Amino acid sequence: MRISEIFYSIQGEGRLCGIPSVFIRTSGCNLRCVWCDTPYTSWRPEGKSWSISKIVSEVKKYPSRYIVITGGEPLLAPEIGALTGELKRDGAHITIETAATIFKPLVCDLISLSPKLANSTPWKRENGKFAQLHEKQRLNFTVIQKYLDSYDYQIKFVVERKADFDEIHHVLDKLENVDPARVLVMAQGTKKKQLSEKAKWIVELCKENGYGFTPRLQIELFGNRRGT
Ligand code: SF4
């Protein structure tokens, strides 16, 4: 499968925030978020093809059993089911981070769903050539519901402005049996200052709605750098 990078850091977002984890970042994405913080996996995908055995032996070099498979969109990789099966045989705790537009059976301890809101659509970037496709694909309620019903989950929303909360309510209204405590809201931004300014009003809206707030600890600690 096409891998952009494998590295050891701490999980900076969500329910496992702070846990030392090995990150396997696949390359390639079916979406084109205008603010994508890993453009080297989406707008200009890079990376080499790795076999499953090579990935598994790379991961074993690090002293944590917590593995995060992220992207890009990891569900695009045909080998994703086989990789998760191999990692589980070795006793890994597996988180998969996905935009939840594609469903495949997986072995997974936590599915981290990140459905994309309207603030992600690239209406102007590259003359808007990906906008229609992105708009068509970014929310797939059937796929999201299937993950909710099948795995331990969290749903992360990236917000840019207060009005984005209206779209979060709309998305959640279309889904069944969502635990509000597993709904996590985080600020869009790749700079500490941006994040801390937005955090103030996001936290207040989370309190009003009973949603969780998640920081982006990796940016606070290391800045927007690869391998962190
Ligand atoms: S889904 Fe993720 S990897 Fe794909 S374009 Fe959006 S932010 Fe980037």
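Highest GNM mean-square fluctuation among I24, I94, I52, for the chain modelled with Cα contacts below 10 Å: I52. More than 24 Å apart: what percent of Cα pairs in segment 1-106 qualify? Cα-Cα pairs in segment 1-106 separated by more than 24 Å: 17 percent. Close amide-amide hydrogen proximity is noted between T121 and V34, each under 5 Å apart and 5 or more residues distant or on a separate chain (H modeled in the peptide plane; Pro and chain starts excluded). For segment 1-61, the calculated P(r) over all alpha carbon pairs, in 5 Å bins from 0 to the bin holding the longest distance, is 4, 17, 21, 20, 22, 13, 2 percent. GNM on the chain, alpha-carbon springs under 10 angstrom: the most fluctuating residue among G71, G189, G81 is G81.
A Gaussian network model of the chain, with springs between Cα atoms under 10 Å, assigns the largest mean-square fluctuation among K54, K104, K162 to K54. Under 13 Å from the Cβ of Q194, count the other residues' Cβ atoms, weight Lys and Arg +1, Asp and Glu -1, and hand me the total. Taking every other residue near Q194 into account, the sum is +3. Solvent-accessible surface of the chain, taken per residue with a 1.4 Å probe and all protein chains present: 46 Å².
Residues of segment 109-139 with an amide N closer than 17 Å to a point placed 7 Å from the Cα of R44 along the Cα-to-Cβ direction: 125-127. The phi-based Karplus calculation (6.51 cos²θ - 1.76 cosθ + 1.60; θ = phi - 60°) puts the 3J(HN,Hα) values of segment 89-98 at 4, 8, x, 6, 9, 10, 10, 10, 9, 9 Hz, whole numbers, x for Gly and Pro. Ellipsoid semi-axes for segment 126-228, based on the Cα gyration tensor and the rule √(5λ), read 23, 20, 15 Å when sorted largest first.
Within segment 144-188, the ratio Rg/Rh, alpha carbon atoms throughout and Rh by Kirkwood, equals 0.97.
Shape of the chain from the C-alpha gyration tensor: rounded (a/c under 1.5, with a ≥ b ≥ c the square roots of its eigenvalues). Only helical runs count toward this figure. For the chain, summing -39,500 (n - 2.57) over DSSP H runs of n ≥ 4 and dividing by all residues gives -9000 deg cm²/dmol at 222 nm. Pairs of Cα atoms nearer than 8 Å and 6+ residues apart set the relative contact order; for segment 1-61 it is 38 percent. Residue-wise HN-Hα couplings along segment 113-128, as the Karplus relation 6.51 cos²θ - 1.76 cosθ + 1.60 with θ = phi - 60° gives them from phi, are 8, 10, x, 8, 7, 4, 5, 8, 6, x, 5, 10, 4, 6, 6, x Hz; Gly and Pro carry x. Our summary gives the chain a relative contact order of 20 percent, counting only alpha carbon pairs under 8 angstrom and 6 or more residues apart.
The separation of segment 135-167 from segment 6-41, counted between C-alpha centres, amounts to 17 Å. Each residue of segment 166-181 was assigned a 3J(HN,Hα) from its phi angle through the Karplus expression (A = 6.51, B = -1.76, C = 1.60, θ = phi - 60°), giving 4, 5, 4, 4, 4, 4, 5, 5, 7, 10, 10, 6, 8, 7, x, 5 Hz with x at Gly and Pro. Of the beta bridges in the chain, as assigned by DSSP with both residues counted there, near 30 percent are antiparallel.
Between the amide H of S21 and those of S9, I10, Q11, distances stay under 5 Å, these residues lying 5 or more places away or on another chain, with hydrogens modeled in the peptide plane. Taking the protein heavy atoms of the chain in the context of the full set of protein chains, the accessible area attributed to carbon and sulfur is 51 percent at 1.4 Å. Of the trypsin sites (Lys or Arg not before Pro) found in segment 81-133, those in coil by DSSP whose Cβ has at most 16 other Cβ atoms within 10 Å are K124, K129.
If the label point is 7 Å along Cα→Cβ of D90, which residues in segment 21-64 have backbone nitrogen under 11 Å from it? Label zone hits: 22, 52-64.
Taking amide H as placed 1.01 Å from N in the peptide plane, H93 has its amide H under 5 Å from the amide H of Y66, I67, each at least 5 places away in sequence or on another chain.
The values are calculated or read from the model by the stated rules, or taken from the named source; none is laboratory data. Everything quoted here is computed from the prediction, not taken from an experiment. All Cβ positions, even for glycine, are placed from backbone atoms using ideal geometry, and neighbour counts span all protein chains on display. Note: accessible area is taken over every heavy atom of the protein model, side chains too, but ligands, DNA and RNA are not part of it. Shrake-Rupley method; radii C 1.70, N 1.55, O 1.52, S 1.80 Å.
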